[in-house]
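Taking it in order: structure first as structure tokens, then the write-up.
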Amino acid sequence: MARSGFMYSDDNKRYHTQSYHLKSTFGKKVVKVPVDAGFSCPNIDGTVGCGGCIFCLDGSGPNSRLSIEEQYFQNREGLLKKWQTDAFIIYLQTHSNTYAPDTVLEEIYRSALSLEGVVGLTVATRPDCISDGALSILEGLSKKTYLTVELGLQSIFNKTLETINRGHTYEDFLVCYNRLRERGIRVAVHMINGLPDESVDMMLESVSTVASLKPFAMKLHLLYVERGTAVERMWRDGKLPYFERDEYVSLLCDEIERIPAEVVIERLTGDGRADILLSPLWTVKKFAFLDEIDKELERRGSFQGIKA
């Protein structure tokens, strides 16, 4: 039994971490390596919108000039300074990584999975750009390798999705989510707290509603204000909610309690760039923040899923 007493833990964590899940699955430490595969997005190229979502830093398109292989080995070296392992999941992170012809998708996925040490693939995308062909390719891969499709949703409220220039609805998400699940594909859902005009109750409702679908995994991020984004203008105009660290820790713990214990929580915070981050500045101290979540759950005598 873990020190925390939580069933999906081998340390002091009271929630189901990605690290624990991967170690349990592969029998050793597995690290995700992010790469930019050169995809665009229908919310950038004019298909559903231009400029991307309000928090998008790269609204003009892909920004890497290195090949996937070059990025993989370069980024892997940096990660190996933190963790010693020989097993990696390649993470197609930038923009919509199902948004291309089937032949292109097949070649990119195949090439990524063929790299030394790669034991799986994570494909980040939107719920409105997985074609029938892409769905079949993903289904085939899921039967051969460890595959996760990460769907960006952010909020269940269509008014919020319109405000952040998301370009799709919650109903679009549900259709895509169900199609993926019907094919036996792992789905991780990305959510954002602190979006414009959303109350704490709305944030809790969003997380609780998605959690009730019992996805394979969830990611919970706080909206960062970064220089050069549309969010910056909203922030300067006073249109965004602001959380002090302790307030946000309390909210996250409330959300964790509402997520079923078997759902993997891949992230509770992002890695904002300190050189362009405007607010909240306390998020730069990532590990101190995560420690506060552990302390608050322990103080409550609580665990993930206790209110699910």
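How do the pairs read when you match residues in the range 154-165 that are within 19 Å of residue 188 (Cα to Cα) with residues anywhere that are among the polar types (S, T, N, Q) and surrounded by fewer than 17 Cβ atoms within 10 Å (Cβ to Cβ), using Cβ under 6 Å and keeping only pairs 6 or more apart or on different chains? From the range 154-165, the pairs are 156/209. When every residue of the range 236-246 is checked against the conditions, none turns out to be surrounded by fewer than 20 Cβ atoms within 10 Å (Cβ to Cβ), in contact with a strand residue (DSSP E or B) (Cβ under 6 Å, 6 or more places away or on another chain), of a type in the set (D, E, K, R) and in contact (Cβ under 8 Å) with a residue 40 or more places away in the chain. If I filter the range 268-286 for residues that are among the aromatic types (Phe, Trp, Tyr), crowded, with 19+ Cβ neighbours inside 10 Å and over 27 Å from residue 214 (Cβ atoms), do I get at least one hit? Looking through the range 268-286, none of the residues is among the aromatic types (Phe, Trp, Tyr), crowded, with 19+ Cβ neighbours inside 10 Å and over 27 Å from residue 214 (Cβ atoms).
Checking each residue in the range 3-43 for being surrounded by 15 or more Cβ atoms within 10 Å (Cβ to Cβ), outside any helix (DSSP H, G or I) and of a type in the set (A, V, I, L, M) picks out 30, 31, 33, 35, 37. You will find that of 100, 87, 112, 124, the residue that is over 18 Å from the mean Cα position of the chain (by Cα), of a type in the set (Gly, Ala, Ser) and buried (at least 20 other Cβ atoms within 10 Å of the Cβ) is 112 and no other.
A short reminder: the numbers here are calculations on the coordinates, not readings from a lab. These figures come from a predicted structure and were not determined experimentally. Heads up, the Cβs are rebuilt from the backbone with ideal geometry, glycines too, and the neighbour counts pull from every protein chain shown.
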